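One structure is given below, encoded as structure tokens.
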């Protein structure tokens, strides 16, 4: 299921097109030009388990991530960072979620600090639908991102490759 959170004044069609272009391997320069319409974009490539931060269409940082699986998916779609909390604690899972950047507040899904295993272990492990990012990347991302920044989560089968 592709979830879409509307953000007034933005051309979501271009973002979806850019995300699709990246997914199918269209040359990066073409896709990045479409991202220039947005000040800050957090791009999550689920099949590759890689995230990247873009500002004005320019990649600033790339980092490994861990996302959900079929049982507890990280739903593909376009989201707006709706809330930030440096010290969020999940009562549902009884665990801290430092540096939370919520992209789906009703379901409490966020990009937050969490373990990201190596390639060999990545196929066996998953989150409950959030996106884990390790230090120092998550702290940098938390301070860089603003509420209203966009997170793009790409569909596709999870892979450690």
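Coordinate-derived values only; no laboratory data. Just so it is clear, the model here is predicted, and its values are computed rather than measured. Because the Cβ atoms are built from the backbone with ideal geometry, glycine has one as well, and the counts that use them run over all protein chains shown.
For the peptides 109-120, 85-96, what is the packing order when you average, over each peptide's residues, the other Cβ atoms within 10 Å and list the highest mean first? Numbers along the way, then the final one.
Details: 109-120: 18.4, 85-96: 11.6.
Ranking, from highest mean packing down: 109-120, 85-96.
Fewest to most neighbouring Cβ within 10 Å: what's the order for 63, 103?
On the way: 63 16, 103 29.
Fewest to most other Cβ atoms nearby, the residues stand as 63, 103.
Using the alpha carbons of region 108-152, what is the convex hull volume per residue in cubic angstrom, as a whole number? If you can, show how the numbers build up before the last one.
Numbers: hull volume 4.0 nm³, N = 45.
In region 108-152, the Cα hull volume divided by residue count equals 89 Å³.
Please give the FRET efficiency for residue 50 paired with residue 94, using the beta carbon to beta carbon distance and R0 = 35 Å, rounded to the nearest 0.05.
Numbers: r = 29 Å, r/R0 = 0.83.
For R0 = 35 Å, the calculated efficiency reads 0.75.
Rounded to two decimals, what is Rg over Rh for region 39-161 when you use alpha-carbon atoms and the Kirkwood radius? Walk me through the numbers on the way to the answer.
On the way: Rg = 13.0 Å, Rh = 14.1 Å.
Result: Rg/Rh = 0.92.
Extending each Cα 7 Å along its Cβ direction at residue 62 and residue 83, get the distance between those two points in nm, one decimal.
Between residue 62 and residue 83, the label points sit 3.4 nm apart.
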